[in-house]
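To start, the structure under review is shown below, and the notes come after it.
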Amino acid sequence: MIALNYIAIKHFHIACVAASGTFFLLRGIWMLRDSSMLRLRWVRTVPHIVDTLLLASALTMAVWIGQYPFVQGWLTAKFVALVLYVGLGTVALRMGQTKAVRAGAFFGALAVFAYIVSVAVTKQVVPFA
């Protein structure tokens, strides 16, 4: 029974990853185009809900399978990269003083997001080697 629940949570987590990445990409494109879409209430709210569900599903899976950051190298890499991704995303969408800084942080965050996904798929700290 727990195996079925784990598979369901894993698929939910993957769906949240896809939704979170898509929302970030879309908001980044809107930022680069100075779109008024960024000021809409749902655009400011939905990504936070998705990211909360993403984190909750990640924590659930970690507890169920007994694998934790700072114990398994690949989860540690994902955790550190996640902190970097959040920091770059904050600069890209809120804190960057110039469009050039925001654009650089945006593309950096996309690269870190790709790294996180590749680590998740391969369970290797250096997935491209």
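Output the residues belonging to the stretch 87-129 that are of a type in the set (G, A, S), under 18 Å from L75 (Cα atoms) and out of contact with any helix residue (DSSP H, G or I) (no Cβ under 7 Å at 6 or more places or on another chain).
Residues of the stretch 87-129 that are of a type in the set (G, A, S), as a first pass: 87, 89, 92, 96, 100, 103-105, 108-109, 111, 114, 118, 120, 129.
If we keep only those that are under 18 Å from L75 (Cα atoms) as well, we get 111, 114, 118, 120, 129.
Scanning the stretch 87-129 gives A111, A114, S118, A129.
Can you confirm whether I65 is surrounded by fewer than 17 Cβ atoms within 10 Å (Cβ to Cβ), at pLDDT below 95 and not aromatic (F, W, Y)?
Working: surrounded by fewer than 17 Cβ atoms within 10 Å (Cβ to Cβ): yes; at pLDDT below 95: yes; not aromatic (F, W, Y): yes.
When the stated conditions are applied, I65 passes them.
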Given the structure, is V71 at pLDDT 90 or above and either among the β-branched types (V, I, T) or exposed (fewer than 15 other Cβ atoms within 10 Å of the Cβ) (or both)? no
Yes or no: the stretch 78-85 includes at least one residue that is closer than 15 Å to S20 by Cα and aromatic (F, W, Y). yes
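Does V50 count as more than 21 Å from V126 (Cα to Cα) and either assigned to a helix (DSSP H, G or I) or among the small types (G, A, S) (or both)?
On the way: more than 21 Å from V126 (Cα to Cα): yes; either assigned to a helix (DSSP H, G or I) or among the small types (G, A, S) (or both): yes.
Answer is yes for this residue.
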Of the numbered conditions (1) under 20 Å from M95 (Cβ atoms); (2) in contact (Cβ under 8 Å) with a residue 12 or more places away in the chain; (3) exposed (fewer than 15 other Cβ atoms within 10 Å of the Cβ), Y6 satisfies every one except a single condition; which is it? (1)
When you scan the stretch 107-124, how many residues do you find that are β-branched (V, I, T) and over 10 Å from G21 (Cβ atoms)? 4
Filter the stretch 98-129 for residues that are touching a residue at least 40 places away in the same chain (Cβ under 8 Å) and within 14 Å of the chain's Cα centre (by Cα); which is farthest from M61 (Cα to Cα)? F106
Could you please let me know if V83 is of a type in the set (V, I, T), part of a helix (DSSP H, G or I) and at pLDDT below 90? no
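Among the candidates A111, A120, which residue alone is closer than 18 Å to L54 by Cα and among the small types (G, A, S)?
Details: A111 fails: closer than 18 Å to L54 by Cα.
Just a single option satisfies the conditions, and that option is A120.
How many of the residues making up the stretch 1-45 are in a loop (DSSP other than H, G, I, E, B) and either among the charged types (D, E, K, R) or in contact with a Gly (Cβ under 9 Å, 6 or more places away or on another chain) (or both)? Before you say what the answer is, go through the steps one by one.
Quick first cut of the stretch 1-45, residues in a loop (DSSP other than H, G, I, E, B) only: 1, 33-35, 40.
Filter once more, keeping what is either among the charged types (D, E, K, R) or in contact with a Gly (Cβ under 9 Å, 6 or more places away or on another chain) (or both): 33-34.
Qualifying residue count for the region: 2.
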Per the list (1) under 30 Å from S35 (Cα atoms); (2) surrounded by fewer than 14 Cβ atoms within 10 Å (Cβ to Cβ), residue check on A129 breaks on (1)
Out of everything in the stretch 86-97 that is without any contact (Cβ under 8 Å) to a residue 40 or more places away in the chain and either closer than 18 Å to D34 by Cβ or in a loop (DSSP other than H, G, I, E, B) (or both), what residue ends up being nearest to the chain's Cα centre (by Cα)? V91
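The values are calculated or read from the model by the stated rules, or taken from the named source; none is laboratory data. Just so it is clear, the model here is predicted, and its values are computed rather than measured. Reconstructed Cβ throughout: ideal geometry from the backbone, glycine too, with neighbour counts over all protein chains shown.
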